[in-house]
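Throughout, read-outs are computed from the coordinates displayed, never taken from laboratory work. Predicted, not measured: the structure shown is a model, and the values here were computed from it. Cβ coordinates were reconstructed from backbone atoms using ideal geometry, including for glycine residues, and neighbour counts include every protein chain displayed.
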Amino acid sequence: MTTDGPGPLLRCTGLTRVFGQGQHAVRAVHDVDLSMRRGEIASIVGESGSGKSTLARLILRLLAPTAGSVMFDGRDVTRLRGFARRRAYWTHVQAVFQDPFGSFNQFYPVRHVLRSALRLEEAHLSRRERETRMTAALESVGLDAGSVLDQLPHELSGGQRQRVMIARAVMVKPELLIADEPTTMIDASSRANILNVLLDLNRDHTLTILFITHDISLATYVSDTLFIMQGGQLVESGPVEQVTRAPEHDYTRRLFADTFSLHGGSWRGAGGSAA
Amino acid sequence: MGAVSDLLVADDVRAYYRHGLGGWIRAVDGVSLRVREGEILGIAGESGCGKSTLAMALASVARWPLCVKGGRLLVEGRDVPMEATQGRDGSHRGEVVSMMPQGAMNSLNPTQRVRDFVFDVLRSHDPGVTRKAAAERAHERLARLDLPARVLDAYPHQLSGGMKQRVVAVISTLLNPRVLIADEPTSALDVSAQRALLALMVQLLEQRIIGGIVLVTHELPILRNVATRTMIMYAGQVCETGPTEEVIFSPAHPYTRALMDATLVLESATKRERIEGLEGGPPDLSQPPGGCRFHPRCPHATEVCSRSLPPTVSPSPEHTAGCWWLAQSEPPTAAAAGEGAVDA
């Protein structure tokens with residue numbers, strides 16, 4: 001699964017997930033076609049409840065789709081039976097989630113979090129190899145391994161914790177990283193740092209990144225490609241310059257209009273789609 | 001202390017947390033501010049700078065281990081206690097000042113319909129109120145704010161996050177408080193819901209249901225769009241305050257400049273231009289640095305900054321900042337004589 005084939009790294013076709021049954025059925029993800037080429041950063045942007053996170057969980061194979069398929073590196077991973085197969089898949093696809101507080105066991109130091117991630121590897125690593133991998137991963141996200149490894153989660157800031165989570169994910173050397181709202185709970189003034197870590201990993205390690213956010217300004221900062229999602233469907237997709245310059249779908253235009261801008265006219269009570 | 005038109009005046013507020021090992025964490029250390037009638041005062045700064053602690057003191061909901069160690073809070077010239085001591089008459093809460101807390105989405109009771117929750121809130125201030133009267137009052141308020149009355153019959157889980165947050169805004173202003181203290185009300189919402197909530201807050205102000213708002217947020221673009229004046233806090237103190245346009249577009253204090261430079265905005269779009277976020281974090285407030293509290297992170301810090309409190313500099317009549325570097329680079333007439341914390 002490590003061949004650098006010309007095909008897309010990830011291709012979802014007709015991906016659908018329905019929760020509930022009959023009258024109460026909710027189509028969280030509806031007929032989504034999405035493809036990512038190797039080495040790109042793509043963002044899925046949409047409001048709460050648009051199905052972004054469900055889509056991420058389908059791609060991660062944490063959730064089984066109702067219909068459609070997920071192809072990863074030319075291989076069909078839609079029906080991975082058994083935990084062992086999914087575990088093998090997770091050495092290629094890793095994720096970072098929203099809450100850098102909830103992702104830690106507060107009683108264990110950072111070293112423990114990272115070491116347990118290395119268990120995904122099938123080969124047994126020596127102590128020294130483990131240390132080298134952990135140190136390299138922490139350094140790739142801009143943290144000082146010497147001091148961070150033995151710290152407890154509460155001794156780190158939110159931004160540092162989120163960087164540890166990214167280090168944990170990239171230590172496994174995945175080809176695809178799914179970052180689901182990694183900056184939402186981070187201070188506005190350190191969000192750029194997290195996004196820069198993603199940009200650097202993409203540049204230095206040619207990591208393919210799928211970034212999920214409700215904030216289109218963050219998405220335009222990091223992405224090559226934008227996927228706009230509403231009500232479980234992709235309503236618009238394209239290169240970031242194109243979507244930013246000439247958004248085609250009404251919902252995309254609304255997202256841009258609703259985002260608070262720093263420059264431009266002051267709003268105070270007028271404009272937008274405040275409904 | 002404050003002009004007649006000042007709705008809320010806080011003077012030299014000190015709110016400390018009692019540390020488990022003894023000692024105090026000086027989360028709010030000598031903050032003064034005022035809110036005028038019809039005004040939204042924005043408070044910004046990194047996490048851990050005391051914004052939420054200040055909000056709790058202003059909303060008079062401070063409780064152990066948070067202790068108010070000094071200062072005064074006046075609303076329309078009347079003293080309001082900042083601590084929520086048990087047994088004390090709490091009627092000013094909700095009637096004079098009201099708090100819209102962080103994560104208000106989870107402030108509704110999941111086992112109650114909204115109207116029963118409204119009844120409980122009203123009954124705690126007016127024991128004689130009937131269920132019918134409470135529902136009518138909420139109904140009337142929702143209609144006035146163009147929100148659907150059906151939310152009264154809903155359970156919280158039946159409402160979207162944005163709608164829940166607006167319902168909480170309506171309930172926290174049901175008793176027509178003079179001042180609404182909103183602590184990060186938009187942080188859990190997507191952009192469209194953020195805009196709707198802020199529109200509602202402006203509407204509450206314009207319809208004179210409330211007199212003024214203190215809006216705590218670290219989103220500078222939001223303040224730029226709704227706040228009349230903006231105050232920047234660092235390590236429990238005010239470092240700069242002034243009209244929002246001036247604070248954001250011509251920041252004086254090095255900390256405000258750093259915050260602005262670290263802010264990602266829509267206009268900075270695309271990977272072409274790299275924005276560096278702020279490194280490090282605010283200091284440990286159980287032992288804050290001496291002199292100017294920002295000096296360990298400040299690019300302009302000199303020896304004097306670590307030694308004594310920065311003087312107040314005033315770039316324009318309404319705009320003040322506390323900084324040695326500014327005082328030394330500005331013409332001497334612009335630097336005010338007094339030393340000490342900046343007043344908002």
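Here are the numbers for this structure:
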read-out: Estimated translational D of the protein assembly as shown in µm²/s (Stokes, Kirkwood radius over Cα pairs; 20 °C; 1.002 mPa s); value: 82 µm²/s
read-out: Neighbour-count order for A:217, A:157, A:69, fewest beta carbons within 10 angstrom listed first; value: A:69, A:157, A:217
read-out: Among B:101, B:156, B:148: highest mean-square fluctuation, GNM of chain B, C-alpha pairs under 10 Å; value: B:148
read-out: Long-range HN-HN contacts of residue A:235 with modeled amide H, under 5 Å; value: A:228, A:229, A:230
read-out: Electrostatic dipole magnitude of the range B:156-219 [Cβ: Lys, Arg +1; Asp, Glu -1; Cα centre; debye, to 20]; value: 240 debye
read-out: Mean Cβ neighbour count within 10 Å, used as a protection proxy, ranking A:93-100, A:254-261, A:39-46 highest first; value: A:39-46, A:93-100, A:254-261
read-out: The range A:1-93: trypsin sites (Lys or Arg not before Pro) in DSSP coil with no more than 13 other Cβ atoms inside 10 Å; value: A:79, A:81
read-out: Hz values of 3J(HN,Hα) by residue in the range A:145-150 - Karplus curve (6.51, -1.76, 1.60), Gly and Pro given as x; value: 4, x, 9, 6, 4, 9
read-out: Average beta-carbon neighbours from other chains, 10 Å sphere, peptide B:158-166; value: 1
read-out: Calculated over the range A:105-173: convex hull of Cα atoms, volume per residue (Å³); value: 78 Å³
read-out: P(r) histogram, all alpha-carbon pairs of chain A included - 5 Å bins from 0, percent; value: 1, 5, 12, 15, 18, 17, 13, 9, 6, 2, 1, 0, 0
read-out: Trypsin sites (Lys or Arg not before Pro) within the range B:6-100, DSSP loop, no more than 13 other Cβ atoms inside 10 Å; value: B:63, B:88
read-out: Ordering of A:137-150, A:191-204 by burial proxy (mean other Cβ atoms within 10 Å per residue, highest first); value: A:191-204, A:137-150
read-out: Relative contact order, percent, the range B:185-243 [alpha-carbon distance under 8 Å, six or more residues apart]; value: 20 percent
read-out: Net charge dipole size for the protein assembly as shown [Lys, Arg +1 and Asp, Glu -1 on Cβ; Debye, nearest 20]; value: 1960 debye
read-out: Angle in degrees between helix A:191-205 and the longest Cα principal axis of chain A, rounded to the nearest 10; value: 70 degrees
read-out: J(HN,Hα) series, the range B:39-45, from Karplus relation 6.51 cos²θ - 1.76 cosθ + 1.60, nearest Hz, glycine and proline x; value: 10, 10, 9, x, 10, 10, x
read-out: Inter-chain Cβ neighbour average for residues A:190-197, partner chain, 10 Å; value: 5
read-out: Principal-axis tilt of helix A:158-171 within chain A, Cα atoms, nearest 10 degrees; value: 70 degrees
read-out: Options B:59, A:201, B:256, ranked by Cα towards positive dipole end of the protein assembly as shown, top entry (Cβ charges); value: A:201
read-out: Per-residue Cβ neighbour rank within 10 angstrom, fewest leading, A:31, B:284, A:224, B:190; value: B:284, A:31, A:224, B:190
read-out: Amide H within-cut-off set for residue B:71, under 5 Å, with H built and near neighbours excluded; value: B:14
read-out: Charge dipole magnitude, Cβ of K and R +1, D and E -1 - the range A:105-173, Cα centre, debye nearest 20; value: 160 debye
